[in-house]
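Data first, discussion second: the structure below is written as structure tokens.
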Amino acid sequence: MKIVDVKVDTIHYRSNKTRDSEGHGHPGPEHDATQTLLTIVTDEGAEGYFFGGNKQIIESMVKPLLIGQDPFYHEKIWHMLKERQRLALDRLSDKVLCAVDCALWDLKGRYLNQPIYKLLGATRTKVPAYASTMCGDDLEGGLNTPEAYAEFALQCKARGYTAFKLHTWQPPYSADPKRDVAACAAVREAVGPDMALMIDPFHYYTRHQALYLGRELEKLDFYWMEEPMDEHSMSSYIWLADQLDLAIVGPETAEGKMFTRAEWIMHHACDMSRVGVGDVGGLTPMMKVVHLAESFNMQVESHGSGIANLQALCAMAIPGQYHERGLLHPFIDYDVPPPWLNTLEDPMDDEGFVHISDLPGMGQDINWDYIKANLV
Ligand code: LLH
Ligand code: MG
């Protein structure tokens, strides 16, 4: 089987999410937006899909490399793209590699008529989810005060979540460790002792701000803290993890794929590793991190809500404890699928478990009628 075409379609939809000046997501007025759909086509008619990917980069840089390749050689293809990044990382990002790699996995699963988690070696079909909030804001009724976080945590608990992660305030809103502690204390007070709580605060605190925050969260029986400082300084994380009992999860956004995760584990910069398909360039490298961490008896917590991460979570021998569901906000109904899908890709039951789809490939139930009617 050979790849004969690689194309990216652009789909129009209406969005009620917006990004602030620093790139963090928040609810916003409804507006026109676009989504992309990457399709990899073979000479045998088998196709693979992934939502996302930069049209211009994929068609100009990736397509010439993929045409003629056997799509089942996706390990070889991933390495070829990774090596191409060396002089072109400004254009050929890990997000682009992720889209290509996930579309190849989707193609393989569809061709073999199996969901990916079974091709990887399945371990489970459901995973507990945590409610992962959007970053703090200044919206009345939003996530603008410690009490607002507490109220929202109670709503999430009532929906069935057994764990809750606060993304607290980041610029352009004022980031302050004391305000973070107040929000975390209000949430703990509201939900009681049994709900697992985590925090992802401002990503650029100093060492002493991060240490102060960590020590206060230990008193509130928090489960983990992620990315309280710039992750490029691994020694800052070694310094922090050494002084806290609170688990440090990372790295999340630091470049370097599985290589960076290996360094962090080796140097005791984290207590749990962290990886999402978008952070490392796809499901192929995500599974390398999963197996790397397993070899150190370390759990990996998955970053991001997409279905590719859920496929990996259902194929881990040392299970990542939670699926990240979100980002959530009081003004947004997460339980409604995006218009390009017929059903949610991470449906959650009343006990707080998300269930993996048994559809072949990535498992998305794609709304082709919507896509055809809304091509840009
Ligand atoms: O800064 C943000 O907007 C969040 O941290 C975001 O990147 C989110 O994806 C995250 O880190 N989740 O864990
Ligand atoms: Mg995070």
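No lab work stands behind these numbers, since they all come straight from the coordinates. The shown structure was predicted, so the numbers you read here are calculated from the model rather than taken from an experiment. We place every Cβ from the backbone using ideal geometry, glycine too, and count neighbours over all the protein chains shown.
Quick one: helix 74-84 against the long Cα principal axis of the chain, what's the angle to the nearest 10°, folded into 0 to 90?
70
Out of all DSSP beta bridges in the chain, what portion is antiparallel? Express it as a percent rounded to 5. Before the final figure, lay out each step's value.
Details: 26 of 49 bridges.
The antiparallel proportion sits near 55 percent.
Give the order of Glu301, Glu252, Glu218 when sorted by the count of other beta carbons within 10 angstrom, beginning with the fewest.
Numbers: Glu301 26, Glu252 19, Glu218 13.
Lowest to highest Cβ neighbour count: Glu218, Glu252, Glu301.
Ile366's amide H: which non-local residues (gap 5+, or another chain) put their own amide H closer than 5 Å, with H modeled 1.01 Å from N in plane and none for Pro or chain starts?
Asn342
Rounded to whole Å, give me the distance from the Cα center of segment 71-123 to that of segment 204-272.
Segment 71-123 and segment 204-272 have Cα centres separated by 29 Å.
On a 0 to 90° scale, report how tilted helix 257-266 is relative to the longest principal axis of the chain, with both axes built from alpha carbons and the result rounded to the nearest 10.
The angle comes out near 40 degrees.
Could you pull out the pairs from Lys55/Lys257; Lys82/Lys118; Lys2/Lys108; Lys63/Lys95 whose alpha carbons sit more than 19 Å apart here?
In this structure, Lys55/Lys257; Lys82/Lys118 exceed 19 Å between Cα atoms.
Per the helix-only calculation at 222 nm, which mean residue ellipticity applies to the chain, given -39500 (n - 2.57) for every DSSP H run of n ≥ 4 and division by its residues, nearest 500 deg cm²/dmol? Mind showing how you got there, number by number?
Working: 13 runs with 130 residues, N = 376.
Calculated from helices alone, the mean residue ellipticity at 222 nm is -10000 deg cm²/dmol.
Once phi is turned into ³J(HN,Hα) by the Karplus curve 6.51 cos²θ - 1.76 cosθ + 1.60 with θ = phi - 60°, what whole-Hz value does each residue of segment 11-26 show in order, with x for glycine and proline?
My calculation for segment 11-26 gives 10, 8, 8, 9, 10, 10, 10, 9, 10, 7, 5, 9, x, 7, x, 8 Hz in order.
Compute the long axis of helix 94-112 from its Cα atoms, compare it with the longest principal axis of the Cα atoms of the chain, and write down the angle in degrees, 0 to 90, nearest 10.
60
Leaving out same-chain residues fewer than 8 places away, which lysines sit with a Cα under 25 Å from that of Lys157?
Output for Lys157: Lys17, Lys126, Lys165, Lys178, Lys219.
On full extension of the chain, what length is gained from Arg215 through Lys178, given 0.36 nm per residue of separation minus the C-alpha to C-alpha distance?
Full extension from Arg215 to Lys178 adds 12.1 nm.
How do the peptides 122-129, 28-35 rank, highest first, by the average count of neighbouring beta carbon atoms within 10 Å per residue? List each step's numbers first, then the result.
Working: 122-129: 18.1, 28-35: 11.6.
In decreasing order of mean packing, 122-129, 28-35 become 122-129, 28-35.
Please quote Rg/Rh for segment 3-113 to two decimal places, taking the Kirkwood radius as Rh and restricting both calculations to Cα atoms. Walk me through the numbers on the way to the answer.
Values: Rg = 15.5 Å, Rh = 15.0 Å.
Reported Rg/Rh, Kirkwood definition of Rh: 1.03.
Output ³J(HN,Hα) for segment 40-45: one whole-Hz value per residue in order, computed from phi by the Karplus curve 6.51 cos²θ - 1.76 cosθ + 1.60 with θ = phi - 60°, and x for Gly and Pro.
Coupling constants for segment 40-45: 10, 10, 10, 5, 9, x Hz.
Roughly how many nanometres apart are two label points built 7 Å out from the Cα toward the Cβ at Asn144 and Lys17?
It is 2.2 nm.
Given springs between every Cα pair under 10 Å in a Gaussian network model of the chain, which of Thr39, Thr133, Thr343 has the largest fluctuation?
Thr343
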